[in-house]
1. What are the residues of the range B:345-381 that lose 50 Å² or more of accessible area, with a 1.4 Å probe, going from their chain alone to all protein chains?
2. What residue among B:THR209, A:LEU62, B:GLY413 has its Cα farthest toward the positive end of the dipole of the protein assembly as shown, where the charges are +1 on Lys, Arg and -1 on Asp, Glu, each on the Cβ?
3. Averaged over its residues, how many other protein chain Cβ atoms are within 10 Å of peptide B:276-286's Cβ atoms?
4. Helix-only estimate, please: 222 nm mean residue ellipticity of the protein assembly as shown, summing -39500 (n - 2.57) across DSSP H runs of length 4 or more and dividing by its residues, to the nearest 500.
5. When ligands, DNA and RNA are left out and all protein chains stay put, how many square angstrom of accessible area per residue does chain B have with a 1.4 Å probe?
6. If you take the charge dipole of the protein assembly as shown about its Cα centre, with +1 on Lys and Arg Cβ and -1 on Asp and Glu Cβ, which of B:PRO444, A:GLN81, B:VAL179 is farthest toward its positive end?
7. List the residues of the range B:162-190 that lose 50 Å² or more of accessible area once all protein chains are present, compared with their chain alone (1.4 Å probe, heavy atoms only, no ligands or nucleic acids).
8. Please compute the average number of Cβ atoms from other chains found within 10 Å of each residue's Cβ in peptide B:230-241.
Amino acid sequence: MKHLKKIVLLIAVLGVSACTDPGRFGPGAGGAGAGAGAGLGGAASDPRSPEYFRQTVGDRVLFAVDQSTLSPEARATLDGQAQWLLDNPEYSAIIEGHADERGTREYNLALGARRAAAVKEYLVARGVAGTRLSTVSYGKERPIAICSEESCYAQNRRAVTVITAGGGV
Amino acid sequence: MSIKRILPLLVLVLAGLGALFSGPLTAQERPGPLRIIIDEGVIEPLPFAVPDFIAENAAAREYAARITRIVAADLQSTGLFREIPKEAFISSVTSFDAPVQFGDWKAINAQALITGAVSVSGRRLTVKFRLYDVFSGAPLGKGLQFAGTTASWRRMGHKVADAVYSRITGEGPYFDSRVAFIAESGPKNARVKRLAIMDYDGANVQYLTDGRALVLAPRFSPAGDRLLYTSYESGFPRVYLLDLGSLRRRALDEQPGTMSFAPRFSPDGRTVLLSLSVGGNTDIYSLDLATGNRRRLTSAPSIEIAPSFSPDGRQIVFTSDRSGSSQLYIMPAGGGEPRRISRGKGRYNTPVWSPRGDLIAFTKQNKGRFHIGVMQIDGTEERLLTSSFLDEGPTWAPNGRVIMFTRETAGAGGTSALYTVDTSGRNLRRVPMKGAASDPAWSPLLK
C-alpha cells in the first residue's frame, strides 16, 4: 500500500481536509448502477457538464501490469477530477476498475477493485466526500480496446470515473 | 424459461444373466482382460461394437437408434474406446435375448460388445443392456435396466455408457451429468453473458438469465440442485443462489459498498465460501446459508480469492498474491495460517480440489501463455495439461478423471469455448456447442 503513504504525505503537505459536510449535498443517487450517468451529458463546452468532465478533465487513469499504484500522470488527472467534483457538488461518481485480459476472471475482479479503491482514496484525500463516491470492478469484462496486444491492454488497465446524478448521501 | 425437472430415475433391475466371468483362456485367444487402466501410459483405444438397440415396440422405434448413438458417442469421447463401424459387422442382433455369436464379433476384433433394447409405454421409456467381453465369450457384469421419461431419453443413453465405462475402467461414471456455464454473444467490447445449463456433452442447452445483467462463473451445489453465480444486476458484482427446481434466487451478501464473487459450496452444501472486496481489499469469507452468519477467514492487505474446499470439508485451497504474485495456499476450513503449495515459476489461480481429493487443478500463467494444470495437494508433481493464449477456470468431472475449462482465442474477434482434457493430459476436446461459452461448472452425477 505504498500509495497510501504518499496520500497521507500529500494530505499533510497540502493541508487538505478529507472531511466535508455531506449534508449539504442533499439526497443521493444511492445504489445507482454503472452506466447510470449515461443519460447525463450536456455541452462539452460547459465546464459544469459531465461531458466536460469526461472530455476535458479526463475521466480515466491507466495502470501498469498487475498494479494499482497511481502514476504522476494519473494523480494529475485525479487532481482535476477532485477539483471538478468539489466545484459540482450536485453530482456523484462511480469509479469503475478494469483489467486487461491477461489474467483470470476472478483475479482481475479483485485487481479492478484495488484500482477503483486507489482512485477513490486519492479523491477522498483531495477533499471529495467518500459518500459521493462508490466503486465497482469489472475485471476484464468490459475492455474498450479489443486487440490482443499491449497497445490495447494498456488502455484497458484503467479506472474510469463515471459521473452520476445526485450529491451523495 | 423453465428447467424441466427430470425426475425419472433409475430403477436398477437386473435383467438376469448372472455369471461374471468364465473359464481360463489361452493367451492366443485372449489378448488381455477387458480392462483399461487409465493411469497407464499410452492407451490404445479399446475396440467396441454397439449394434443399434432393439426397439421392443413401435413407440420405441424413434428412440432406440438415437440412444445407441449416445452410448457410442460417450464412450468414443473418452479417447479410451474406438467404435467399430456397423458396416464391418458380420452378425446382426435381432433380439435382445438371442445367443451372441461371439466368433463373428471376435473376427472383426470387437473386444467389447454392447447390446440393448428399448421399450416405450406412454411417456415411460425403459432401456436394458448387456456388456460382453467378446474374447472370453461372457457377459461383463449383470445386465441392467434403466427407466425414465421419454423426454429424458438421452440420459438413458448416458447411464448405459456410464455403466460400460465404469465396468471396463474401474473408474466412477460421469456421462450422466450436466454443466452450468456462461453463454456468450456479441462483440468483445459489449459481450452479452447469460447463465445457462446443458448436458455434459453440449446437448439440451437451457438459459437461466436473459443477458441484461452481466453474469459470471456458476458453481454447483454438492447435490446438483442449486447454483451459485455472480451477477451485476444490482450494478455491483454480487453472489446469488439459484434453486434449479423453483428457479427462485436470492442475493447472498448485500453489504453496500462491497463486491462479492468467486463463490463455492462446502461439501455438505450448508456453507458458501466467497471472496469479498471491501475498500479495494479482497478476502475470503464463509457464509452459513441457514443463518446468514458471515465469518472472515483471511485478513491480509493482499488479494485472497477463489477458495475451494477439500472433499472432506477440512481444508481450503485458495489464491493469494501476498508473496507479490498469485500463488496457491491451503488453510484449515475455519481459517488460520496458510501454507503455500505452488512452487513453480509463473502465477497460479482458480484452484479446485478434485472430488477424489488427490489433486488440485489450477490455471497457470507463465511467459505469456495460460495453462490448465494439476498438482498433488502438497504442491508436488505439478503437471501442465494444456497450453494456449488463454485457458482458465478448470472444473472437475464427477469422477475426478476429466477437467473442463474455458479456452479463449486472441484478437479483436476472440471468442470463448469449452474444452475437456484428461488428468493425464490426453484427449483434449472441444465441447460441441453452437455458441460461445465460458466458465463451465460440472455438476455431480445426476441421481
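The values are calculated or read from the model by the stated rules, or taken from the named source; none is laboratory data. Given the structure is predicted, the values throughout are model-derived calculations rather than measurements. Using ideal geometry, Cβ is built from the backbone for each residue, glycine included, and neighbour counts are taken over all protein chains shown. With ligands, DNA and RNA removed, areas are computed over all heavy atoms of the protein, side chains included. Shrake-Rupley method; radii C 1.70, N 1.55, O 1.52, S 1.80 Å.
1. Those residues are B:ARG347.
2. My answer, from the dipole projection, is B:THR209.
3. Working: counts 1, 11, 2, 7, 17, 5, 9, 1, 0, 0, 0.
Mean inter-chain Cβ contacts per residue within 10 Å come to 5.
4. Working: 7 runs with 97 residues, N = 616.
It lands at -5000 deg cm²/dmol.
5. Details: 17990 Å² over 447 residues.
On a per-residue basis, chain B sits at 40 Å².
6. Result: A:GLN81, furthest along the dipole toward the positive end.
7. With the partner chains in place, the range B:162-190 has these residues losing at least 50 Å²: B:LYS188, B:ASN189.
8. On the way: counts 3, 0, 5, 1, 3, 9, 8, 8, 0, 0, 0, 0.
The mean count of partner-chain Cβ atoms within 10 Å per residue comes to 3.
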